[in-house]
Amino acid sequence: ARLLRPLKNPLIDVTPVGLVIGGGLSGMTAALELAKQGFEVHLVEKEKELGGHLRHIRYLLGSEDPQDRLKSIIKEVTENDKIHVYLNAEIANIEGYIGNFKTTLKHNGEQKEIKHGVVIVATGAVEYEPTEYMYGKDQRILTQHQLEEKLSKGEFNAKTVTMIQCVGARNEERPNCARICCASAVKNALKIKELSTETDVYILYKDVRTYGLLEDHYREAASKGVIFIRYDDENKPKVSLEDGNLKVAATDPVLNSEFQIQPDLIVLSAATIPNPDNKQIAQLLKVPLTKDGFFLEAHMKLRPVDFATDGVFLCGMAHSPKLIDESISQACGAAARA
């Protein structure tokens, strides 16, 4: 035993710079948090502008205006001297290790090399494009995002609206809940009732999952006349087009009888699915994905924003579907860990 010698951790030079992949709300929040700590940050976004999905969210459950928040955070990011923003940019290659990464970007037709010490992955997620319920065959069949656009632009005009939940989610192909669908349906139903109290709104659901304080909004929607009707996988709603009229046939599990609705609009609450770029980013960073295609953290409880690969962190919907405030909280956590 007296011949043993202690192992010493080697000291290495560290590049005190961060790289954030993704310029949505989570990515911008993480970049700002790193910059506030005094570190230089490179923020890479593949689209032509910052904002991600927040650009398409017109209102929230509550009084806050999401577009005001978006403008505010974009202004903070673009005016911060420590944050370098690359739009229309792609990650071509990443090599190195914690403290000493080297990334090659494709930006404006040129390649640029960036040296940095940590990576934060904030690539977000995308909305599933339904193949069910005749979506794409009639302009009166929309997704919740498309309905929100109509409502915000004053283009809504319907006396009966039927919403169908869990489209492309909680099935054999995608067994997980999309988490935001119930909140989006309740949000849009309340907005419809605000704009047109006489409009009938039906929400056909498997389970209402307005978790936490969102339950208050669910109760508010029910009290304002929004009708919630449950269905199961054995008796899914059926959508048809007869003589130019949309029809939805469903089974009421309480009465155990089929009924029909003839809506002016059918709104599908589509699943949240992983960003198609996740696979390429995972291969470059040598980090794992879940079987669904989202990024897999090192430990659900102990290291929820870390990867098993040192120096690489994640936040937002790149990890899993979540609400805005959850994404912001996780982005702050990732920046703190980095």
message = So if I take the alpha carbon set of segment 1-52, get Rg, then get Rh from the Kirkwood formula, what is the Rg over Rh ratio?
response = 1.38
request  = Quick one: plug the Kirkwood hydrodynamic radius of segment 168-290 (C-alpha pairs) into Stokes-Einstein at 10 °C, 1.306 mPa s, and report D in µm²/s.
outcome  = 95
Computed lengthening from ALA92 to THR160, 0.36 nm per intervening residue step minus Cα-Cα distance = 19.6 nm
inquiry  = I need two numbers for segment 225-303: Rg to one decimal and Dmax as a whole number, Cα atoms only, in Å.
reply    = 20.6, 58
note = Shape descriptors of segment 109-149 over alpha-carbon atoms, Rg and Dmax in angstrom, are 19.0, 50
remark   = Of the accessible area of the chain, computed with a 1.4 Å probe and all protein chains kept, carbon and sulfur make up a percent value of 49
task = Can you tell me which of 73-86, 109-122 comes out highest on packing, and rank the rest after it, using the mean Cβ neighbours within 10 Å?
result = 109-122, 73-86
note = Partner lysines whose C-alpha sits under 22 Å from that of LYS238, ignoring same-chain residues fewer than 8 away, are LYS137, LYS159, LYS206, LYS247
key: Virtual spin-label span in nm between ASP207 and ARG55, 7 Å along Cα→Cβ   = 3.5
ask   = Dividing the alpha-carbon Rg of the chain by 2.2 N^0.38 Å yields what?
value = 1.15
note = Of all DSSP beta bridges having both residues in segment 161-320, the percent classed as antiparallel (nearest 5) is 50
inquiry  = Whole-Hz ³J(HN,Hα) for each residue in segment 83-95, computed from phi via Karplus 6.51 cos²θ - 1.76 cosθ + 1.60 with θ = phi - 60°, x for glycine and proline: what do you get?
reply    = 9, 9, 9, 10, 9, 6, 10, 10, 7, 8, 7, 9, 9
query = Between THR104 and LEU195, what FRET efficiency follows from the Cβ-Cβ distance if R0 is 51 Å, with the result rounded to 0.05?
reply = 0.55
key: Accessible area per residue, Å², the chain with all protein chains present, probe 1.4 Å   = 52
message = From the P(r) of segment 45-84, could you give the percentage of C-alpha pairs in the tail past 11 Å?
response = 67
request  = Might you report the magnitude of the Cβ-based charge dipole of the chain about its Cα centre, with Lys and Arg at +1 and Asp and Glu at -1, to the nearest 20 debye?
outcome  = 1060
ask   = Cross-link partners among lysines for LYS75, C-alpha distance below 21 Å, same-chain residues fewer than 8 apart left out?
value = LYS36, LYS46, LYS48
ask   = ALA249 versus GLN37, label points 7 Å from Cα toward the beta carbon: distance in nm?
value = 5.9
query = log₁₀ I(q)/I(0) of segment 60-131 at q = 0.14, 0.21 Å⁻¹, via Debye over equal Cα point scatterers, no solvent, to two decimals?
reply = -0.70, -1.09
note = Projected onto the charge dipole of segment 1-63 (unit charges on the beta-carbon of Lys, Arg, Asp and Glu, signs +1, +1, -1, -1), the Cα from LEU3, PHE39, HIS56 with the largest positive-side position is that of LEU3
ask   = Non-local amide H neighbours of VAL201 (under 5 Å, H modeled in plane, Pro and chain starts lacking H): which ones?
value = VAL161, ILE227
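The values are calculated or read from the model by the stated rules, or taken from the named source; none is laboratory data. Please read all numbers here as calculations on a predicted model, not as lab measurements. Methodologically, a virtual Cβ is constructed for each residue, glycine included, from the backbone with ideal geometry; neighbour enumeration extends over all protein chains shown. Just the protein is used for accessible areas: all its heavy atoms, side chains included, with ligands, DNA and RNA removed. Shrake-Rupley method; radii C 1.70, N 1.55, O 1.52, S 1.80 Å.
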